[in-house]
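The values are calculated or read from the model by the stated rules, or taken from the named source; none is laboratory data. The shown structure was predicted, so the numbers you read here are calculated from the model rather than taken from an experiment. Positions of Cβ are generated from backbone atoms using ideal geometry, with glycine treated the same way; all protein chains shown enter the neighbour counts. The protein model used for the area step is the full one, side chains on, heavy atoms only, and it has no ligands, DNA or RNA in it. Shrake-Rupley method; radii C 1.70, N 1.55, O 1.52, S 1.80 Å.
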Amino acid sequence: MQIYSFSPFGYEGALVTVEVDLRRGIPAIDIVGLADGAVKESKERMQAAIRNSDFDFPPERVLISLSPADMKKEGAGFDLPIAIGVLAANAESNGEKDFLSEPILIMGELELSGKIRPVKGIHAAVSTAASCGIMHCIVPAQNADEAREVRGVQVYGADNLINAFRAIKDRSFFESRNPSKESSFIPPDCVEIDGVYFSNISPGYEFAELKGQAQLVRSLQIAAAGGHNLIAMGAPGCGKTMAIQKFPAITPLLTLEEAQSVTRIWSLAGLIKPSEPLVRIPPFRIPHQTATLEGICGGGTNCRPGEISLAHNGVLFLDEAAEFRSSVLQMLRVPLESGSITLSRAGRSTNYPANFQLLMAVNPCPCGNFGSKTKICLCSAKSIEQYWKKFSAPLLDRIDLRVFVENHSDEEHIEERKGFQTTSEIRQGVARAIKIQRQRQGIKNSKLNPQEILEICKIDEDCQNLLDKAVNRYGFSPRAIASCLKVSRTIADIEGSFDISPRHLSEAISLRKLCCNMIPEIA
């Protein structure tokens, strides 16, 4: 029997072989293999747990080797595999040979009483082991459901050291995911529309409550349907933040393939809930304006995932985006384009997925009243220019949808501010577009490459003339042209149209033309 454990580092991590040798000499415990403080201390927890579980601790000198030897081992998850290794070595020295012949992954933290505590990174560890052909795993009982989300793996959730030791002798302890529950990643209270699943609408996520924000609501529907980035500008109190915070209600649940990568990242970050071992709802991350560069992109000694990776296959919402550090905003440019981020620390590097959708809410100027029809802006032209320089043209060029939100809080317009589409009605168009995209290309329209744009976003002569006029008038870059085509394709998909019409393209252009140096035009 070969015992393996897992050392988390970045997105990939590494399997660690745990070997135990009993030899003559003064009784002592030696751990070799670049163990950190938590792993070195495991010998004390392991020794107490073995004795408190009524096992005999070997009287010989114990050598514990963690390989590969040149890789640092970190975390408390090595307690259980080391204890099992010591018990198995002691039993083999006494003549016992009835252990499992297959390699086995073991993870868990031990209490002094012998009980097993949960650890983070279980999903990542089990999926890595499965890719290497290790199909038997012993994990803490609280992490068992998380481990069983990896298909084909035989898992035993142990609650104490005694049962964990029994499991390495008996295959009946292990069980895999029930095939009848293959669709269990879909919540029981979800809503199905055209084969696309949405989470149940919670109070406070109803779009019909929004008044006077027809263009913003329409833009959010397009963003949800095609995965497009969006920026909403408007005076304080106009409701842009409240509207964007309802966005999760109109985003479909993750597919099983999407959920696996998201769950791995959240497992490494220790964010998996026992009640939800597989992340099925798209992440919606709202970092604070004081977030550091490492907090957003990831980093630290272990290359922990940052907010852009935690938002993988979901949404990163920057509220009051102008208050974030300029370095943080500029760092988003490459991940937005590539869908991943590479981190390098201490001679090692890792590549995290970061395929996120960026939503931003921002005031048009420092005082917030620029462009308002009812209030006076007191900011100078220079202060407004400095305010928008923080975003930079390359970053804004990657934003497909730009919306200026009017403040309709004055009393004389209350009667005119009727409610708009309900969340259920908005979902109908989103579901129609998502279903078409999944069948046609398998990815969202926002992720189409140049070749796919030529094939999927074909336009007729009338549309081409309309686009040429927009390019001449607004000075669109090649990326802006591609953005208009992708957004128009999404608008057509929402309506179930096979062809892109001038009306679809015109709406896409109107949602694209707003830029930091064009704010006076929409004021």
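Some observations on this one:
- Separation in nanometres of the label points that stand 7 Å from Cα toward Cβ, at Gln451 and Arg503: 3.5 nm
- Those GluC sites (Glu not before Pro) in region 57-117 that DSSP places in a loop and that have at most 14 other beta carbons within 10 Å: Glu96
- Sites matching trypsin sites (Lys or Arg not before Pro) across region 51-115 that sit in DSSP coil, with at most 11 neighbouring C-beta atoms within 10 Å: Lys97
- Label selected from (i) 21.3, 71; (ii) 23.3, 84; (iii) 27.7, 92, the criterion being Rg and Dmax of the Cα atoms in Å as computed here: (iii)
- What a 1.4 Å probe finds exposed on region 360-401 is 57% carbon and sulfur by accessible area, rounded to a whole percent.
- What a 1.4 Å probe finds exposed on region 253-348 is 52% carbon and sulfur by accessible area, rounded to a whole percent.
- Given R0 = 60 Å, the distance between the Cβ atoms of Arg61 and Arg440 translates into a calculated FRET efficiency of 0.35.
- For the chain, the solvent-accessible area works out to 44 Å² per residue, with a probe of 1.4 Å and every protein chain left in place.
- The spacing between region 28-107 and region 276-334, judged by their C-alpha centroids, is 38 Å.
- Pairwise FRET efficiency - Ser113 versus Ser477, Cβ, R0 = 56 Å, nearest 0.05: 0.30
- Among the protein heavy atoms, those of Leu254 account for about 10 Å² of accessible surface (1.4 Å probe, every chain in place).
- Degrees separating the helix 37-52 axis from the principal Cα axis of the chain, which is the longest one: 50 degrees
- Annotation note: chymotrypsin sites (Phe, Trp or Tyr not before Pro) in region 471-512 located in DSSP loop regions with a Cβ neighbour count of at most 16 within 10 Å are Phe498.
- Rounded tilt (10° steps) of 256-268 against the dominant C-alpha axis of the chain: 60 degrees
- Here Lys115 is the anchor, and the lysines within straight C-alpha reach of less than 26 Å, apart from those fewer than 8 places off in the same chain, are Lys40, Lys43, Lys73, Lys97, Lys169, Lys273.
- In terms of the mean number of neighbouring beta-carbon atoms within 10 Å, the peptides 149-160, 12-23, 259-270 order highest first as 259-270, 149-160, 12-23.
- Here region 198-264 and region 460-488 have alpha carbon centers that stand 26 Å from each other.
- By the rule of a C-alpha distance below 18 Å, with chain neighbours fewer than 8 residues away ignored, the lysines paired with Lys373 are Lys211, Lys240.
- Value of [θ]222 nm, deg cm²/dmol, for the chain, DSSP H segments ≥ 4, -39500 (n - 2.57) each, nearest 500: -10500 deg cm²/dmol
- Protection proxy ranking of 451-464, 310-323 - average other beta-carbon atoms within 10 Å, highest first: 310-323, 451-464
- Principal-axis tilt of helix 461-474 within the chain, Cα atoms, nearest 10 degrees: 90 degrees
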